[in-house]
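One structure is given below, encoded as structure tokens.
The values are calculated or read from the model by the stated rules, or taken from the named source; none is laboratory data. As the structure is a prediction and not an experimental result, all values here were calculated from the model. As a convention, Cβ positions derive from the backbone with ideal geometry for all residues, glycine included, and neighbour counts pool all protein chains shown. The accessibility values were calculated without ligands, DNA or RNA, using every heavy atom of the protein model including side chains. Shrake-Rupley method; radii C 1.70, N 1.55, O 1.52, S 1.80 Å.
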Amino acid sequence: MCSVNITEKILARASSKSRVAPDDIVFANVDKAMIHDVSGPGVIKVFEKLKKEGIPVEKLWDSSKIWVAEDHFVPSAEKISAENIVKLTKFTKQYGIEKHFKYGMGQYGICHTLSHEEAMVLPGEVYVGGDSHTNTTGALGAFACGLGHTDVAYVLLNGKIWFKVPQTLYFKLNGRLSDNVMAKDFILKIIGDIGTDGAAYETMQFGGTGISEMSVESRLTLCNMTTEAGAKNGIIEPDQKVFEYLAQRGATKYSPVYGDEDAEYAKVYEYEASELEPLVAKPYSPENIAVVRDVAGVELDKSYIGSCTGAKYEDLEAAARILKGRKVKIRTEVLPAAISIYKRAMENGLIKIFLDAGVTVGPPTCGACCGAHMGVLAKDEVCISTTNRNFPGRMGHVESKTYLASPLVAAASAVTGKITDPRDLR
């Protein structure tokens, strides 16, 4: 019998099977589900349609396992986004969903940040969300993936959904990343190698000594951008670092899952940490990568340090390390990914560093990452950003340009006004 990996074991357990194999169709129980202020209204429309057709929608499967985030268009950018917040509030009250992270009401932030920052998702669980970057939380050892409105509506009503068991690609990192290379550089390197469809409906699993050396927040960056390679999910087997991270957030009871030591993978990719350099993804694709030094000197209008990909506490710490005692030469924005991160940054002096450097510090929101508000780009503007996508129009005008980069590169470039390798900052 073939040995199985962590994704296959989680899906087998969730579907009450002794084992599953790639391409099997399973009907799996879901442990947690999430909607936000963009996907939520779409799910509500599905509920309204079902109701008109006479299908019961009076009760959810388990309101305690469903949570809601207000993150994409908050603070409300215009009337439609304001109305969507009202719709979400009515929905959560109607169905008794208590875990509603409301903008401006204590802890709130980007949904994929809250999923780990608040320990909403735990090792071994099946977690689905109404957003493509739900993959992020696979870094805690969960099967985490995004679903469309109809599928999320089905999950909210029934607590289960079907999956085709994905094949798994294994990405092994040997050694420890150097001080100027971040997880963002590694995942950009991978996407550059395999392309934006290189893992279409497959699992991207990460392992090796380089992953063991990484912090939990760095691992989250890797799994977040598996979406940009087309993956169904990204995942990393949980270890003591994960357990300590969760314990700090009050979560100690869960059942982690591990693949067999001789688990089989569709393909294995191996990387040496010592060979990796700071990278950017040039317009207009995350796979269009280049070594920073090869594009150094490109004039910029803006630097954006934000999003679920690039505004975790560790990301802000990296940016502050560069910005301390310096001034930015271009419009620069830092949007911490959650209020809890914002508070830590304030308590530890990072916010003062940003303000002293001339940076604008904004509230936790997806904001300009998805071209919503809070700093969208005008025609012909060029931005360096810690976000995850740089397709035409992603961050604003269709004729603007975005270079994806790590927080270190984004901060160094803010100081010079040009794309800059942090190793070359004077």
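Do any GluC sites (Glu not before Pro) in region 94-170 lie in a DSSP loop with no more than 16 other beta carbon atoms within 10 Å, and if so, which? Show your work: numbers first, answer last.
Numbers: sites: GLU98, GLU117, GLU118, GLU125; in loops: GLU98, GLU118, GLU125.
Within region 94-170, the qualifying GluC sites (Glu not before Pro) (loop, at most 16 other Cβ atoms within 10 Å) are GLU98.
If you run the Gaussian network model on the chain, springs between alpha carbon atoms under 10 Å, then out of SER64, SER178, SER18 the most flexible one is SER18.
If I build a Gaussian network model for the chain, linking alpha-carbon pairs within less than 10 angstrom, which residue out of MET120, MET374, MET346 has the largest mean-square fluctuation? Of MET120, MET374, MET346, the Gaussian network model singles out MET346 as fluctuating most.
When DSSP beta bridges are restricted to pairs lying wholly in region 6-270, around 15% turn out antiparallel.
In terms of distances greater than 21 angstrom between alpha carbons, the cross-link table entries LYS32/LYS164; LYS282/LYS418; LYS59/LYS160; LYS51/LYS90; LYS327/LYS379; LYS312/LYS352 yield LYS327/LYS379.
Among LYS52/LYS79; LYS9/LYS172; LYS17/LYS241, which pairs are too far apart, with a Cα-Cα distance over 25 Å?
In this structure, LYS52/LYS79; LYS17/LYS241 exceed 25 Å between Cα atoms.
Return the inverse of the average 1/r over all pairs of distinct C-alpha atoms in region 280-421, which is the Kirkwood hydrodynamic radius, in Å to one decimal. Let's see the in-between values first.
Values: mean 1/r = 0.0695 Å⁻¹.
Hydrodynamic radius (Kirkwood, Cα pairs) of region 280-421 is 14.4 Å.
Of the whole protein surface, LEU147 contributes about 20 Å² of accessible area at a 1.4 Å probe radius.
Using just the helices of the chain, give the 222 nm mean residue ellipticity in deg cm²/dmol: DSSP H runs with n ≥ 4 each add -39,500 (n - 2.57), and the total is spread over all residues, rounded to 500. Intermediate results must be reported in sequence, preceding the final value.
Details: 15 runs with 136 residues, N = 426.
Only helices count here, giving -9000 deg cm²/dmol.
In whole percent, how big is the carbon plus sulfur part of the accessible area of region 280-421, probe 1.4 Å, protein atoms only? Intermediate values should be presented prior to the final figure.
On the way: 2430 of 4890 Å².
C and S fraction of accessible area: 50 percent.
Can you pull out the GluC sites (Glu not before Pro) in region 173-269 whose DSSP state is coil and whose Cβ has at most 11 other Cβ atoms within 10 Å? Those satisfying the criteria are GLU261. Out of ALA318, ALA281, ALA338, any idea which swings most in a Gaussian network model of the chain, alpha carbons joined below 10 Å? Of the options given, ALA318 has the highest mean-square fluctuation.
For region 76-140 and region 387-426, what is the centre-to-centre distance using only Cα atoms, to the nearest Å? Spelled out, the Cα-based centre of one part sits 28 Å from the other. Each other residue within a Cβ distance under 15 Å of VAL298 adds +1 if Lys or Arg and -1 if Asp or Glu, for a net charge of -1. Accessible surface computed residue by residue for the chain, with neighbouring protein chains in place and a 1.4 Å probe, gives 39 Å² per residue. Here is the list for region 1-90: trypsin sites (Lys or Arg not before Pro) lying in DSSP coil, each with at most 16 other C-beta atoms within 10 angstrom of its C-beta, are LYS17, ARG19, LYS59.
Shape call for the chain from the C-alpha gyration tensor, a ≥ b ≥ c root eigenvalues: rounded (a/c under 1.5), prolate (a/b greater than b/c) or oblate?
Working: a/c = 1.74, a/b = 1.23, b/c = 1.42.
Verdict is oblate for the chain.
At 1.4 Å probe size, put GLU272, GLU53, GLU58 in order of accessible surface, largest to smallest. Walk me through the intermediate numbers first.
Numbers: GLU272 75, GLU53 110, GLU58 135 Å².
Final ranking, largest accessible area leading: GLU58, GLU53, GLU272.
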